[in-house]
Every structure is written in structure tokens, then in C-alpha cells.
1. Over the Cα atoms of the chain, how large are the radius of gyration and the largest Cα-Cα distance (Dmax), in Å?
2. Between residue 42 and residue 83, what FRET efficiency comes out of the Förster formula 1/(1 + (r/R0)^6) with R0 = 30 Å and r the beta carbon distance, rounded to 0.05?
3. Between 0 and 90 degrees, rounded to the nearest ten: what's the tilt of helix 63-76 against the longest Cα principal axis of the chain?
4. If you line up the long axis of helix 80-94 against the longest principal axis of the chain, both from Cα atoms, how many degrees apart are they, to the nearest 10?
5. Could you list 29, 61, 71 in order of exposure, starting from the residue whose Cβ has the fewest other Cβ atoms within 10 Å?
6. Ranked by Cβ crowding within 10 angstrom, fewest neighbours first, how are 41, 76 ordered?
7. State the extension gain, in nm to one decimal, for the chain segment bounded by residue 60 and residue 18, taking 0.36 nm per residue of separation less the distance between their alpha-carbons.
8. How high is the FRET efficiency between residue 11 and residue 67 when r is their beta carbon distance and R₀ equals 22 Å, given to the nearest 0.05?
């Protein structure tokens, strides 16, 4: 299951990255290895990781992605209803079912 069309991303296969900042937007990494990298997602079109090995890396969310994470954190801490909404979203992610979105 992949929410983005392949026509919108650059596919990178079988590459190893060490001690690098990797921008994920617009790129699909397949069977790659990341070691001590900073994995950056800014909320742009496509992008993702499939079948990769990730060792000692950190996530960094920027721009629209950072705004979304901040909004979700605020919702979670706003009370029981917000917490339930975010927990339901995480449950859908774990079940590989994305909630309705406007991604075409």
C-alpha cells in the first residue's frame, strides 16, 4: 500500500547512505541502507521508504510536515476527544489504512 503515485517520485534503489542529511520529499527509497543519517520530511509530494535498513538515524520534520506534527500534538493534548482522534489515526496507520485524504 502506497498513498502516492510513483509518477510523482524519483525512485532510488539499493543505495547506502552514512552520516548524511537525506531529504525524503519527492523520493522513494527502496532497499536502501541509512546509517547515522538525518531523515528529513517537509510535507511535499510523495516520498518514502520501502524495505530499507535504518540504523541510528533521526527524523526531522520541516515546513508543512512540522506544522502537521505540531497540530496533531496539540490535538492530542487538548482533551479526551483530541486524544481519541489522534490514537485512532495511529491505529489506522498501524493497520496500513490511511484515513481519507485529498492526495490524488
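1. 15.0, 44
2. 0.65
3. 40 degrees
4. In the chain, helix 80-94 runs at an angle near 30 degrees to the longest axis.
5. Lowest to highest Cβ neighbour count: 71, 61, 29.
6. Values: 41 22, 76 16.
Exposure proxy ranking, most exposed first: 76, 41.
7. Length difference between fully extended and current span is 13.5 nm.
8. Numbers: r = 27 Å, r/R0 = 1.24.
Working from the Cβ atoms, E equals 0.20.
Readers should treat all values here as calculations from the given coordinates under stated rules, not as data from a laboratory. Just so it is clear, the model here is predicted, and its values are computed rather than measured. In this analysis, Cβ positions are derived from the backbone assuming ideal geometry, glycine residues included, and neighbour counts consider all displayed protein chains.
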